[in-house]
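Below is one structure, written out as structure tokens; the observations come after it.
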Amino acid sequence: MKKPETIGIVGGTGRMGQWFKAFFEKKGYNVLISSRRTSLTAQDLARQADVVIVSVPISVTIDTIKEIGPYVRKEALLMDFTSLKQKPVEAMLEYSKAEVIGAHPLFGPGVNGLKGQVIVLCPARGEEWLPWVKDIFAEAHLEMTTPEEHDTIMAIVQALTHFLFITFGATAADLSLLPETLLRYSTPNFRALWERITNLTTQNPEIYASIQFDNPFYQEKVLPMFLKHLENLKQIILNRDAEAFMEMFKKIESCCKI
Ligand SMILES: NC(=O)c1ccc[n+]([C@@H]2O[C@H](COP(=O)([O-])OP(=O)(O)OC[C@H]3O[C@@H](n4cnc5c(N)ncnc54)[C@H](OP(=O)(O)O)[C@@H]3O)[C@@H](O)[C@H]2O)c1
């Protein structure tokens, strides 16, 4: 199995970058990091590392890949951790000659290890590095798919879920009810939802904005469909249409069965 001598993380001073730096170092690898604050430039890192990982904000991912891609060696592996996969993988293929695997860790830097976590892999060019990637992330559950399918699924799993949390939180804020009051009267369902919304507000809004702004499938299909259902449910409620309400429940029930 091909193994790297050196792993380089562009954006290695960031939250995910620091998490994976510690992860790889614990496994005994030499890890280089670069950012706008390091003396090592991203281009020098790209020249030196056998595995180059791009872990910068989504908004600068494509420009970063354009900048470093030509310096990643042909026999090296170029990866990214971006929360969207289609455009970064296309850019890695276009601007480098290296082997390419898009990756999306479906967790944040608060987790203690890979056990119980999911990582999505989108192998896009070459096959030599995949065994090492599978081996190093073996503690996680790995899902292999295409960048297109990844972004289609994330339109629901991430974008629509965050949309719900954001609009729910904004509605509660407009009603000017204190969180302490809401929590005093809370049901288990409300407490679980409120915890998620509170957690969202402690995160970097930039990632959440990109997940809403940069996924074409979400914007063209999922969001319009969701808004249609909101309007439909509103009409059902205003018309006190019990039959249509039951129909909606039945439709959800049949969809939720695994
Ligand atoms: N956080 C999460 O929960 C999470 C989960 C899954 C995937 N991801 C993905 O992981 C990637 C990194 O996220 P993060 O949360 O670690 O972000 P972050 O904490 O903001 O770190 C970003 C890193 O990129 C560098 N950077 C920022 N602007 C740059 C620029 N213009 N040019 C070059 N480097 C720049 C930063 O350092 P300097 O400011 O010093 O340049 C820093 O090292 C994103 O693509 C995100 O979608 C994040």
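Some points to look at:
- For the chain: rounded, prolate or oblate by the Cα gyration tensor [a/c cutoff 1.5]: prolate
- Sites listed here are trypsin sites (Lys or Arg not before Pro) in segment 1-45 whose DSSP assignment is loop and whose Cβ has at most 15 other Cβ atoms within 10 Å: 2, 27, 36, 37.
- Distance between the modelled labels on residue 6 and residue 149, one decimal in nanometres: 3.6 nm (7 Å Cα→Cβ projection).
- Residues with amide H under 5 Å from that of residue 8, placed H, sequence gap 5 or more: 32, 50, 51, 52, 53
- On the beta carbon distance between residue 36 and residue 213, with R0 = 22 Å, the FRET formula returns roughly 0.45.
- You can think of it this way: the chain between residue 193 and residue 13 has 61.6 nm of extra reach, that is 0.36 nm per residue less the Cα-Cα gap.
- Among 115, 85, sorting on how many other beta-carbon atoms sit within 10 Å of each Cβ, with the fewest leading, yields 115, 85.
- Database remark: amide H of residue 102 closer than 5 angstrom to the amide H of 122, 124 (H placed geometrically; neighbours at sequence offset of 5 or more, or on other chains; Pro and chain starts carry no H).
- Neighbour counts of C-beta atoms inside 10 Å place 256, 122 in the sequence 256, 122, starting with the fewest.
- Length-normalised contact order for segment 6-145 - Cα pairs under 8 Å, 6+ apart - percent: 18
- Modelled FRET efficiency - R0 35 Å, residue 26 with residue 166, Cβ distances, 0.05 increments: 0.50
- Among 229, 150, 141, the ranking by other beta carbons within 10 Å of each residue's beta carbon, starting with the fewest, stands as 229, 141, 150.
- For segment 1-107, the square roots of the Cα gyration tensor eigenvalues, ordered a ≥ b ≥ c, give a/c below 1.5, which places it in the rounded category.
- The chain, helix-only ellipticity at 222 nm - DSSP H runs n ≥ 4, -39,500 (n - 2.57), divided by all residues, nearest 500: -15000 deg cm²/dmol
- Percent antiparallel among DSSP beta bridges (both partners in segment 6-145, rounded to 5): 20
- Classification of segment 149-256 by its C-alpha gyration tensor yields an oblate form. The axis ratio a/c (a ≥ b ≥ c) is 1.5 or more, and b/c is at least a/b.
Rule-based calculations on the coordinates, nothing more; no lab input. Just so we're clear, the structure is a prediction, and the values are computed from it rather than from any experiment. Backbone-built Cβ (ideal geometry, glycine too); neighbour counts: all protein chains shown.
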